[in-house]
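Let me begin by presenting the structure, written as structure tokens, before commenting on it.
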Amino acid sequence: MSRTEDVLSASEATPHGSDVVLGRVSGAHRNPAVTFVLWVARLLSGRHVPLYVRAQLAGSVAGVVLGRLTAGAPLSHPDVEFALLSPALPVPATFIAIGEGFATAILLVSVVRLAHQPKPAWSAPVLIGAILFTLIMYVGGSTGGSLNPARQFGPWLLSGADTGLWPYVTGPLAAAVVVGAGAVLLRSPDRQRQHDG
């Protein structure tokens, strides 16, 4: 296994391991779309949202910087662009936003469903990871497969690329609003009273 493969394997395994370890402490969501859906669904206090989003964006930048330090010059190569995601073929930005929004909505429905469990299963991070993997495989070629505004933010900021960030932000955040609002509307009156009380 090459050094690059070692770094990629570690970078993929570390987040899922941290979900298992830190999930009970902070919720372990590194995705602003997850933060927003939990807030809109009234499962997360609004006062926590800015803290999470700042940490998520800072983590994205720090991850790219750390990747540059460990992987070296290849990460900044024009073909890699600091791991900036893009579709396999040129497509309109609106198409990217719709694809990202659709795939993120599926992910967020799963997240909200698990969050509504009185005692989430220990396997929840593994299940969410499997769903995320499947969705990225499904939309990766057509959108780049971010499903996370923070995932694209660090590479976009540090690469100085002309590629627009907006489809990777608006699609997932629009999905968060729709899924979160739907969760509130579909919540049974008994569950609603229990949550609000």
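Filtering the stretch 28-68 to residues that are in contact (Cβ under 8 Å) with a residue 40 or more places away in the chain, aliphatic (A, V, I, L, M) and over 17 Å from Pro172 (Cα atoms) leaves Ala28, Leu43, Val61, Ala62, Val64, Val65.
Here Arg187 meets each of (1) within 25 Å of Ala55 (Cβ to Cβ); (2) out of contact with any His (no Cβ under 6 Å at 6 or more places or on another chain) with one exception, condition (1).
Scanning the stretch 151-177 for residues that are among the hydrophobic types (A, V, I, L, M, F, W, C), part of a helix (DSSP H, G or I) and either free of Cβ contacts under 8 Å to residues at least 12 places away in the same chain or over 16 Å from Ala105 (Cα atoms) (or both) yields Phe153, Trp156, Leu157, Leu158, Trp166. So for the stretch 52-62 (the condition being β-branched (Val, Ile, Thr), farther than 24 Å from Ala181 by Cβ and at pLDDT 85 or above), does at least one residue qualify? Yes. Of everything in the stretch 132-148, what is at negative phi, surrounded by 15 or more Cβ atoms within 10 Å (Cβ to Cβ) and out of contact with any Phe, Trp or Tyr (no Cβ under 6 Å at 6 or more places or on another chain)? Give them in sequence order. Passing the criteria: Leu132, Leu135, Ile136, Tyr138, Val139, Gly140, Ser142, Thr143, Asn148. Residues in the stretch 90-119 that are in a loop (DSSP other than H, G, I, E, B) and in contact (Cβ under 8 Å) with a residue 24 or more places away in the chain: Val91, His116.
Going residue by residue through the stretch 105-112, is there one that turns out to be within 20 Å of Ala175 (Cα to Cα), surrounded by 19 or more Cβ atoms within 10 Å (Cβ to Cβ), at pLDDT below 95 and touching a Leu at 6+ places or on another chain (Cβ under 8 Å)? Looking for residues that are within 20 Å of Ala175 (Cα to Cα), surrounded by 19 or more Cβ atoms within 10 Å (Cβ to Cβ), at pLDDT below 95 and touching a Leu at 6+ places or on another chain (Cβ under 8 Å), one finds at least one in the stretch 105-112, hence yes. Candidates in the stretch 62-90 are the residues that are aliphatic (A, V, I, L, M) and either buried (at least 16 other Cβ atoms within 10 Å of the Cβ) or in contact with a strand residue (DSSP E or B) (Cβ under 8 Å, 6 or more places away or on another chain) (or both); of these, the one that is nearest to His29 (Cα to Cα) is Val64.
The values are calculated or read from the model by the stated rules, or taken from the named source; none is laboratory data. Everything numeric here is computed off the predicted structure, so don't read it as measured data. All Cβ positions, even for glycine, are placed from backbone atoms using ideal geometry, and neighbour counts span all protein chains on display.
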